[in-house]
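Remarks on the structure that follows.
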Amino acid sequence: MKLLIKGGRIINPADHTDVIGDILVENGKIIEIGQKIATDGTEVIDASGLVVAPGLIDMHVHLREPGLEAKEDIASGTRAAAAGGFTTVACMPNTKPAVDNSILVSGIIQRGQTEGVVNLKVIGALSKRLEGKELAEIGDMIQTGAVAISDDGGHLDNTRLLKTGLEYTGMFECPVITHSEDEGLAGEGFMHEGAVSAMLGVKGRPSVAEDIAVARDIMLAEYANAPIHIAHVSSKGAVEIIRQAKKRGVKVTAEATPHHLTLTDEELKTFNTAFKVNPPLRSSDHVEALIAGLKDGTIDAIATDHAPHAFEEKDVEFRYAPSGFAGLETALGAVLTGLYHTGKLTLMEIIEKMSYMPAKILGLESGTLKIGAQADITVFDPEYIWEVNCIKFYTRGKHSPFESRNFKGKALITIVNGSIIMQNGEVLK
Ligand code: DOR
């Protein structure tokens, strides 16, 4: 079956092209990119006025399967991904049981194929049961298809284990993804430590707890000459440490989330649990440093840290609520509204950070529009105005820090492997 995406603004960071043109898809692959491709009975998508991008890739989501399906599962989470314009997501292993062996990795890959509507990649645990005591079956998991290794969900305190883990993953050139926050320093806090936490009388998580952990993690990766990826960077100190490490040639990459890039700790004044997340929303000086880091390439990717929880878990007093919230369905809107329409990032830069770079970091072939590539394509309208309404989300996580906000920019069509799986906000599978 043929599909023609006609007259869109094709932006492809892989070769830095930005042209108006057509893309022809057949049997799941891009077979032609050009001007005025003949229609001859093919299904046509009129993309005039819209942006046609390589499918968005979210390298950091929590799909909660197995064991935590009240929060999310592969069916609901990948539908949320499709609704948000993502064609590939990589899921974290902090499930019950934790994904710390090859049987679970292959089980999730299979569930992705049968239950998922977008491409699902798996991240295996670094330590058994995520306990930080013993290495998990890292080599086996990588050979089974895990694209990265991580104890995300919490910080890995055990420095020796992280060193051994990096020495091991380094042999496969497989990135370790770290949740870098020194828990001894941050662990009792509920929000960013600063003027707002002092005013509210809430214990804070100091930014230096993140700086210290990022510095340690990078030093270990440098020592082991192994690739490391710092998840959800939120502190200005961490940005500078990563910048300096890149200058030294350390194999370090980093991501920032739409919420850390567009919101501050001022939001916490409402004690709304939808703003509770780890690392916490920080003050505007940190936000500015993150954006500068994105701009100069210190931060390579934008990832959601989509971390849904059941409604009743979040619907409690602030200190008892779990950290995290849904992010897949608001990511593109938040980034276009907060970073593109304010002139901070170009569309080319945004697509690079949300598709091309995550693919590169995870060693995926996707993230580009070229002849012969699998047809994973996102069509979005950067001018589309809409209001966030969590109740309508496909994800089971009905809390979002962006609830009721007006966004400018939305994915209108998600194409996975040549099939339209989302159109005008509706997931078709
Ligand atoms: O707030 C968070 N929630 N941060 C994380 O790193 C983990 C996540 C979760 O799994 O709920």
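Can you list, largest first and rounded to whole Å, the semi-axes you get for the stretch 70-124 by taking the square root of 5 times each eigenvalue of its Cα gyration tensor?
After diagonalising the Cα gyration tensor, the semi-axes are 19, 11, 10 Å.
Could you give the size of the charge dipole of the stretch 1-84 about its Cα centre, using +1 on the Cβ of each K and R and -1 on the Cβ of each D and E, expressed in debye and rounded to the nearest 20?
Values: 8 positive and 13 negative charges, 21 e Å.
Dipole size: approximately 100 debye.
If you restrict to DSSP beta bridges whose two residues both lie in the chain, what percentage is antiparallel, to the nearest 5?
55 percent
For the stretch 65-181, just the Cα atoms, rotate onto the principal axes and tell me the three extents in Å, largest first.
Between the extreme Cα coordinates on each principal axis of the stretch 65-181 lie 41, 26, 24 Å.
Using the basic label-point model (7 angstrom from Cα toward the beta carbon), what is the Leu428 to Asp140 distance in nanometres?
Placing both labels 7 Å beyond Cα along the Cβ direction yields 4.1 nm.
Assuming 0.890 mPa s and 25 °C, estimate D for the stretch 300-429 with Stokes-Einstein, Rh taken as the Kirkwood radius over Cα pairs, in µm²/s.
153 µm²/s
Between beta-carbons, use under 12 Å as the cut-off and find the net charge around Glu288, counting Lys and Arg +1, Asp and Glu -1.
That sum, taken over residues with Cβ under 12 Å, equals +3.
In µm²/s, what is D for the chain at 20 °C and 1.002 mPa s, where D = kT/(6 pi eta Rh) by Stokes-Einstein and Rh is the Kirkwood radius from Cα pairs?
For these conditions, the coefficient is 100 µm²/s.
Please give the direction-averaged projected area of the C-alpha convex hull for the stretch 198-352, in square nanometres with one decimal.
Result: a mean projected hull area of 9.6 nm².
Using Cα springs under 10 Å in a Gaussian network model of the chain, which residue among Asn119, Asn158, Asn417 shows the largest mean-square fluctuation?
Maximum among the listed residues: Asn158.
Return the single residue from Thr95, Thr144, Thr342 with maximal mean-square fluctuation; model: Gaussian network over the chain, springs between Cα atoms under 10 Å.
Thr342
Between Thr414, Thr346, Thr78, which gets the highest mean-square fluctuation from a Gaussian network model of the chain, Cα cutoff 10 Å?
Judging by the Gaussian network model, the answer is Thr346.
Of Leu369, Gly418, Tyr394, which is farthest along the charge dipole of the stretch 366-429 in the positive direction, counting Lys and Arg as +1 and Asp and Glu as -1 at C-beta?
Looking along the dipole axis, the top candidate is Tyr394.
So how far, in whole Å, is the C-alpha centre of the stretch 321-339 from the one of the stretch 213-228?
Between the Cα centre of the stretch 321-339 and that of the stretch 213-228, the gap is 29 Å.
What is the sum of charges around Gly187, taking Lys and Arg as +1, Asp and Glu as -1, for the other residues whose C-beta is under 9 Å from the C-beta of Gly187?
Net charge around Gly187: -3.
Would you order Lys163, Lys276 from fewest to most other beta-carbon atoms within 10 Å of each residue's own beta-carbon?
Listed from fewest to most nearby Cβ atoms, that is Lys163, Lys276.
If we restrict to alpha carbons, what Rg and Dmax does the stretch 115-210 come to, in Å?
For the stretch 115-210, the Cα radius of gyration and maximum Cα-Cα distance read 16.6, 51 Å.
Given the options Thr178, Val335, Ser106, identify the residue whose Cα lies farthest towards the positive end of the charge dipole of the chain (+1 on Cβ of Lys, Arg; -1 on Cβ of Asp, Glu).
Val335
How much of the calculated P(r) for the stretch 299-351 lies past 14 Å, in percent of all Cα pairs? Intermediate results must be reported in sequence, preceding the final value.
Working: 852 of 1378 pairs.
In whole percent, the long-distance tail amounts to 62.
With respect to the cross-link table entries Lys163/Lys246; Lys247/Lys344; Lys236/Lys392; Lys269/Lys392; Lys269/Lys408; Lys247/Lys408, which display a Cα-Cα separation exceeding 28 Å? Kindly include the intermediate steps, with their values, before the conclusion.
On the way: Lys163/Lys246 19 Å; Lys247/Lys344 24 Å; Lys236/Lys392 35 Å; Lys269/Lys392 26 Å; Lys269/Lys408 26 Å; Lys247/Lys408 36 Å.
Cα-Cα > 28 Å for Lys236/Lys392; Lys247/Lys408; rest within.
Around Ala326, with a cut-off of 9 angstrom between Cβ atoms, what is the net charge of the other residues, counting Lys and Arg +1 and Asp and Glu -1?
Residues near Ala326 contribute 0 overall.
Can you list the aspartates and glutamates whose alpha carbon sits under 14 Å from that of Lys29, skipping same-chain ones fewer than 8 residues off?
Result set, ordered by chain and number: Glu365, Asp376.
Rule-based calculations on the coordinates, nothing more; no lab input. These numbers come from a predicted model, not from an experiment. In this analysis, Cβ positions are derived from the backbone assuming ideal geometry, glycine residues included, and neighbour counts consider all displayed protein chains.
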